[in-house]
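To start, the structure under review is shown below, and the notes come after it.
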Amino acid sequence: MALVKRLHTFLLKAFLPVFAMTFFIVLFIVLMQFLWKYIDDLVGKGLELSVIAELFFYAAVSMVPTALPLAILLASLMTFGNLGEKFELTAMKAAGISLVRAMMPLIVLVSGIAVGAFFFQNDVLPKAQVKMWTLLFSMRQKSPELEIPEKSFYDQIPGYSIYVDRKNPANGQLYNLMIYDVSKGYDNSTVLLADTAHLALTADGEHLHLVMRHGEQFDNLQQGNITMTSTRNKPFRRETFLEKEILIKFDNKFSRLDEGGMKKQYVGKNISELKHTMDSVQQRIDSVGSRYSTMLRSQAYAGVMPELDSASQQPEPLKQLTKAGDVYDLDSLYSALSVQQRKQLYQNTLSAVQQAKMDLQFKGEAMKDDYYSMRRHEIELIKKFTLSVACLLFFFIGAPLGAIIRKGGLGTPLVISVIIFIFYYIIDNTGYKLARDGKWVVWQGMWISTFILAPLGVYVTWKAMNDSAVFNPDAWRNFLRKALGVHHSRRVDYKELIINPISRSEALAQARDILQGARNILNRWKRPQLYFTYWFSGISRRVIGAYGRELDDKIHSLTDCTDKAVLNKLGDFPLVMSEWIYQPSGGHKWVSVVAMILFPLSVPVWIAGVIKQRYLLKDVRKCEATARAVVAMLDDEPSSAGPAQAEGAATAATEETDPSASGGNEPDTEEKPGENQSPEIKSREAAL
């Protein structure tokens, strides 16, 4: 128990500093993203440093829901990656402590963080967002600092466009000034030209005082009844002045907006306020919808009330008209009309329908706002819970992944965590937009990212608990080769020392068994199968699997052969493995029946199966040819096998004295150990 407590303390000390570091790093990154997004609203406004710092503080608080899950993911990856890299996880498992038990203190810690995140979302975040958006909108409405550039038009003063050719920074003098005044509209625009001018802000900070010298003023006197396309002369007034003073309205003060308007928005409400607003909006939607429905059912069309079905309360087709006790057939009444009357009837009916359509569209647009508000409030309500779930989910992804990859530091964990978070962010943002626009149900859009990543967390946790090699390159390479149909050659390891060499007769028997097994398969399945044969029969996976295992066992046995030529030839045997696509039905008739029913869908499977069968039969033919060559090597005399083969099988002295080597017959069953061996093998055995 004391050991476990010390272990828990050790894990907490390892996790907390990393978590604090990663949290502030991620928070700084998302804060910089916020700055770049709203940089145009802040630059050039002459805002005080305290106001900008206040905005950044509230923005940082508002970015906590984005930074917290990523920080937990990165910190858990780094912590358990460091433990795995230093073999500390291996030592824990050797001491009988499972991964889940080692994670228990961090599970409790992250659960506490998740609970705190819920209360943060409900109580703190709405207030911070109200202050942040109110402050940001106030900054947007503030007029920019008066900084007129040279040789370009300055249009930051509403209704004015100012051009300055040159400025004197020492005394603030402006040279070759041009002003376009369109504050009264383009029809009553004014153009001012001056050689020199001096521009200053009034004491109250609400106007610009402009003193111009040696200039001209042009006023457009065009009246409203004279159009722009008219060919008549357009009158204007020209004025020459030596000195002229004008005042331009320019509010340079920073004033905060009232927070009351933002508090009424969905971002400024907690759970109880959101539910109250949702109930009110839903009640209004129901009442308005009921009123519209009643009006549609009771509204008269062309002076005739619709007849309602007593069961469904839906309008029935109107076939006859009853008036003052008389029954009129509508078809006969329509037939009695003249062509002109019918045309007039069509026009009146079309006008009435268009009017009704426009009225209904107007009412529908009015209700769209209520539905949109309803969805936004429901989205904000669900977001109060998604942050807590995301914290737990990312921990159960990051900690097992760190234990599996066993890479500490900031490199590999950072890459993996960023990839996972980007994947999560894309799915979450897509679901949010679909829910906001009403394309999906709100809870589906807001929980879709959790539903997709939860199986990943379960999978990596299960793999880490069972010490499975999820990132084994060889396993993934073999999987891709199978999926792409790529075959690789067999690898045969040569033995430097053969303890129990296989006899020539036994090796020959093994090679003949391989050859016979390949011939049996080729005699039974000569070519890829047609559609019906493939689904009802297929190439037996049991037979292919048995032959593949037999091939591996016999090749392993033949590696004890002393003939180097035979050993070199063993590498030519391909790998024969059983795959489900050779026989998708598995011998079950119901699978074949389903394939016949789903005919168009089963054709791609058949095409892929035929391709795989072709590769399989090609490999079996290669096994046959290679086994035939090995049999020929082992069945011939060593003396006639060539220098390369004779060097690996026996020396010249052994060939002269061994009677079994001259005719290629099988050796005596009472053969002494060590006979028919090369001097090199004998010397090694003697040394042993």
Legend entry - From the options Ile162, Ile148, residue that is free of Cβ contacts under 8 Å to residues at least 40 places away in the same chain and either hydroxyl-bearing (Ser, Thr, Tyr) or in contact with a Phe, Trp or Tyr (Cβ under 9 Å, 6 or more places away or on another chain) (or both): Ile162
Inset, instruction - Answer yes or no: is there a residue in the stretch 5-19 that is in a helix (DSSP H, G or I), surrounded by 15 or more Cβ atoms within 10 Å (Cβ to Cβ) and under 25 Å from the mean Cα position of the chain (by Cα). - result: yes
Inset, instruction - Among the residues of the stretch 152-188, write down those that are open to solvent by less than 30 Å² (accessible area, probe 1.4 Å) and part of a loop (DSSP other than H, G, I, E, B). - result: Ile157, Gly159, Gly185
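Looking at the stretch 226-239 only, could you name the residues that are at pLDDT 70 or above and surrounded by 10 or more Cβ atoms within 10 Å (Cβ to Cβ)? I'd like the intermediate steps shown before the answer.
Taking the stretch 226-239 as the starting set, the residues that turn out to be at pLDDT 70 or above are 235-239.
If the condition is that a residue be at pLDDT 70 or above and surrounded by 10 or more Cβ atoms within 10 Å (Cβ to Cβ), then Pro235, Phe236, Arg237, Glu239 are the ones that fit.
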Inset, instruction - Would you mind telling me which numbered condition in (1) assigned to a helix (DSSP H, G or I); (2) modelled with pLDDT under 90; (3) in contact with a Gly (Cβ under 6 Å, 6 or more places away or on another chain); (4) more than 20 Å from Leu68 (Cα to Cα) Gly408 fails? - result: (1)
Legend entry - Per-region count, the stretch 534-551, residues in contact (Cβ under 8 Å) with a residue 24 or more places away in the chain, assigned to a helix (DSSP H, G or I) and open to solvent by less than 50 Å² (accessible area, probe 1.4 Å): 7
Inset, instruction - Name every residue in the stretch 122-143 that is of a type outside the set (Lys, Arg) and open to solvent by 20 Å² or more (accessible area, probe 1.4 Å), in order of residue number. - result: Asn122, Asp123, Val124, Gln129, Trp133, Phe137, Gln141, Ser143
Inset, instruction - For the stretch 64-83, state whether one or more residues are loosely packed, with under 15 Cβ neighbours inside 10 Å and either more than 29 Å from the chain's Cα centre (by Cα) or part of a helix (DSSP H, G or I) (or both). - result: no
Inset, instruction - Please verify whether the stretch 454-475 includes one or more residues that are in a helix (DSSP H, G or I), of a type in the set (Asp, Glu) and modelled with pLDDT under 90. - result: yes
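Residue by residue, here is whether (1) out of contact with any Pro (no Cβ under 6 Å at 6 or more places or on another chain); (2) surrounded by fewer than 22 Cβ atoms within 10 Å (Cβ to Cβ); (3) among the hydroxyl-bearing types (Ser, Thr, Tyr); (4) part of a helix (DSSP H, G or I) holds:
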| position | (1), (2), (3), (4) |
| --- | --- |
| Lys383 | yes, yes, no, yes |
| Leu387 | no, yes, no, yes |
| Ala399 | yes, no, no, yes |
| Gly402 | yes, no, no, yes |
| Pro413 | yes, no, no, yes |
| Ile416 | yes, yes, no, yes |
| Ile419 | yes, yes, no, yes |
Inset, instruction - Name the residue, out of Pro600, Pro604, Pro528, that is modelled with pLDDT under 85 and either outside any loop (DSSP other than H, G, I, E, B) or open to solvent by 20 Å² or more (accessible area, probe 1.4 Å) (or both). - result: Pro600
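The values are calculated or read from the model by the stated rules, or taken from the named source; none is laboratory data. Predicted model only: the values in this text are computed from it and were never measured. Cβ coordinates were reconstructed from backbone atoms using ideal geometry, including for glycine residues, and neighbour counts include every protein chain displayed. When the accessible area is computed, the model is the full protein with side chains, heavy atoms only, and any ligands, DNA or RNA have been set aside. Shrake-Rupley method; radii C 1.70, N 1.55, O 1.52, S 1.80 Å.
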